[in-house]
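Enquirer: Below is one structure. I have some questions about it.
The values are calculated or read from the model by the stated rules, or taken from the named source; none is laboratory data. In this text, all values refer to a predicted model and were calculated from it rather than measured experimentally. FYI the Cβ positions are ideal-geometry reconstructions off the backbone, even for glycines, and counts take in every protein chain you see.
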Amino acid sequence: MVKQRKGKKRSDGASLQGQTNTNAKNSTTFKTKSEKKSASEAIGWHRVALLVVIILLAATVVIYITNQSRLSEDDHTPSESVSMRYTEIEIGSSASSDDHVTSESSSDKGKTPKVSSEETTSRQDDDELKRRQEGQDVDEKKTTKTTKQKGMKKRGAKKDSKVKKGKTKTQSQEASDRVLQSHIPASDQDSGIADDIMNADKLLEKRRTSDALKAFEQIVGKFPSSVRAHYGLAMSLDQLADEQRSNQLLTQSIKEYEKVWELSDLANPSDILRPAVDRLANRYAFMGQSGKAVMYLKRYLNQFSDDLPLMRELSIQYLLTGQNGKARHVLEQILKLRPNDGFAMGHLGFVVKSELDYEKAIPLLYGGLRGDDDRSREGRFYFHLGDALQRLGRRDEAYEVYQEATNNGIFTTPWQRSLYNAPNLKAQPWWKPSETPYVDSIRLLEANWKTIRDEGLSVMNRDTNAFEYEDENLRETGDWKQFTLFMRGSENKDTCSRVPKTCDIIRKIRQAAGNKRGQVKYSVMLPGTHVWPHTGPTNCRLRMHLGLVIPENVRIRVGNDTGTWEEGKIIIIDDSFEHEVWHEGSSMRLIFIVDFWHPDLSDQQKRTLSPI
Ligand code: LMR
Ligand code: MN
């Protein structure tokens, strides 16, 4: 399976190479036109053309790198259940380089993973958003060092409560809070420019951001080694980046925060160093560069090893980059310093559960839920605690946990535990075709079931590796593999080329082919398989199963009702409800899974919901 994953990336890489060729072709055309000009001009044009080629190639490399990071993220998209990978929940971390995407902007949410548009955002989605924004808050411990700063903090707090009426604080407001907290010049050298700094800060506070930027630029020009001036400049750029939604400004801002690090005396740092590192790591993470975030957090923690909030941040960055072992180490360090730390317990429980040590994970996850940090009370902590309990046969306890999460507005009901939800959708485990607007599509699929079956079987017979193992850790026993044709609303050209007639049929069904929160795939299950009770990630789809090869003694439970498949017939389930599958027969079972948009979603929602 690992091999196949790599193969998948290679094929994407190949199509990107295609892009390079196209670019090269364009520049050739450009040269040909220039041949009409005089010889000397032609040399000039050659240079220009060469430059264009270089720029285009560079751009291609950038696109390639950006897409690579996206691809790897797509690769991890869980399709059957709420992920054990921490990556799944991160919002905005793959902000593209051409578009400044902020976590509080609603219009761009569709472009960032796992964020829905304003209209369709569920309470769960909102909670995640809030958590992320809260995660950006500067640590109380280091920002209350001086009386003056305390005063500043209070002003910040007042502002906070005002803003609360509307929504959570925006990034720029947080940025200006940080400014307010640090009027004190960073060093003796800085004190000569204290007034200038104070005035520039005030501009920033009044949200005259461009003026503040100019003022700080001037100060930096005069005092290039002033840590405080660079910090002010960094924050002005940061705030302006937010206002203008510009990644270019954000990159400049990051450079200035880095300057603060470079110019700081680590043996005797100013109060500014910590918020600068905090923000620097946060902005790098926002840009999808967790590696850099980790680097600065580690550098800081090497020097100041008991900074719990930044240790927590570091553990998140490790989890986001799939370095669970390192995350575990940091979380254990936190628990050594603070044994009842709610954040560390919950997150360590999450790591331990992903290693399938349910006995050990359960008390930690409970500790997180009962602890002092909301970040360990998010949906997936309830989800995986209940899951661990269910797998150990502690069903009643699991359902108490699910009930509590439901009371807290995290799950719609204890049965329906998807975390990426649109509100007010009709919800029932089993659907009849006549309850959907998809009767014609269902007929089309049923009428063509033999074609679909034969193409699937021929792939299976020719290439046993074409089908990928279920890798979301949902099987207790047995073998379950899938061959995916469409996912997140996009066709997989490679797999589709191997079942062309089937993909032609699906292309005619726009509500399935274009379903950004679903897949179209073959699913093969071997005798002796038991799939643990699990819940899909979203309530935005209805899942159709077309029976292709159905032996005796196979069954699926969704909610309270158990059913089975029939060859050439469709069943419709809502996989956001708990479901469980058994294969107690004696030969393989093959079905074709087609996810349709939930019929209650509006066109606007279908357009703007983030892909899953
Ligand atoms: C599931 O959706 O978890 C299963 O029903 C899929 C399958 O192949 O039975
Ligand atoms: Mn499932």
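Enquirer: May I ask you to list the residues in the range 179-210 that are in a helix (DSSP H, G or I), at pLDDT 55 or above and touching a Ser or Thr at 6+ places or on another chain (Cβ under 9 Å)?
Expert: Scanning the range 179-210 gives I197, A200, D201, L203, L204, E205, T209, S210.
Enquirer: If I ask for residues that are of a type in the set (V, I, T), buried (at least 20 other Cβ atoms within 10 Å of the Cβ) and within 20 Å of T495 (Cβ to Cβ), which ones from the range 427-460 would you list?
Expert: Within the range 427-460, I452 is the sole residue that qualifies.
Enquirer: I'm trying to understand the selection: among the residues of the range 535-544, which are within 9 Å of ligand 1 (Cβ to nearest atom) and either polar (S, T, N, Q) or surrounded by 22 or more Cβ atoms within 10 Å (Cβ to Cβ) (or both)?
Expert: Result: G536, single match.
Enquirer: In addition: Return yes when E455 is modelled with pLDDT under 95 and either part of a helix (DSSP H, G or I) or under 33 Å from the mean Cα position of the chain (by Cα) (or both) and no when it is not.
Expert: No, not satisfied.
Enquirer: Might you check whether a residue that is of a type in the set (A, V, I, L, M), over 27 Å from R391 (Cα atoms), more than 13 Å from ligand 2 (Cβ to nearest atom) and within 28 Å of the chain's Cα centre (by Cα) occurs anywhere in the range 520-528?
Expert: Yes; the residues of the range 520-528 include at least one that is of a type in the set (A, V, I, L, M), over 27 Å from R391 (Cα atoms), more than 13 Å from ligand 2 (Cβ to nearest atom) and within 28 Å of the chain's Cα centre (by Cα).
Enquirer: Given the criterion at pLDDT 95 or above, farther than 26 Å from R541 by Cβ and outside any helix (DSSP H, G or I), identify the matching residue among G393, G367, G349.
Expert: The conditions single out G393.
Enquirer: Something else now. Kindly list the number of the only condition in (1) within 12 Å of ligand 2 (Cβ to nearest atom); (2) outside any strand (DSSP E or B); (3) in contact with a Lys or Arg (Cβ under 6 Å, 6 or more places away or on another chain) that fails for I593.
Expert: Just one mismatch for I593, condition (2).
Enquirer: Further question on the same structure: How many residues, within the range 470-516, are modelled with pLDDT of 95 or more, within 14 Å of ligand 1 (Cβ to nearest atom) and assigned to a loop (DSSP other than H, G, I, E, B)?
Expert: 3
Enquirer: For the list (1) touching a strand residue (DSSP E or B) at 6+ places or on another chain (Cβ under 7 Å); (2) more than 25 Å from E476 (Cα to Cα), I need the number of the one condition that Q390 fails.
Expert: (2)
Enquirer: Among (1) more than 15 Å from ligand 1 (Cβ to nearest atom); (2) charged (D, E, K, R); (3) part of a loop (DSSP other than H, G, I, E, B), which single condition is E566 missing?
Expert: For E566, the exception is condition (1).
Enquirer: In addition: Please list, ordered by first then second residue, the pairs with beta carbon atoms under 9 Å, 6 or more apart or interchain, first in the range 480-492 and without any contact (Cβ under 8 Å) to a residue 12 or more places away in the chain, second part of a strand (DSSP E or B).
Expert: N492/T484; N492/L485; N492/F486
Enquirer: Can you name the number of the only condition in (1) crowded, with 20+ Cβ neighbours inside 10 Å; (2) away from ligand 2 (no atom under 16 Å from the Cβ); (3) more than 20 Å from D574 (Cα to Cα) that Q511 fails?
Expert: (3)
Enquirer: Another question about this same structure. May I ask you to list the residues in the range 529-563 that are over 33 Å from the mean Cα position of the chain (by Cα) and either polar (S, T, N, Q) or part of a loop (DSSP other than H, G, I, E, B) (or both)?
Expert: Selection gives I550, P551, E552, N553, T562.
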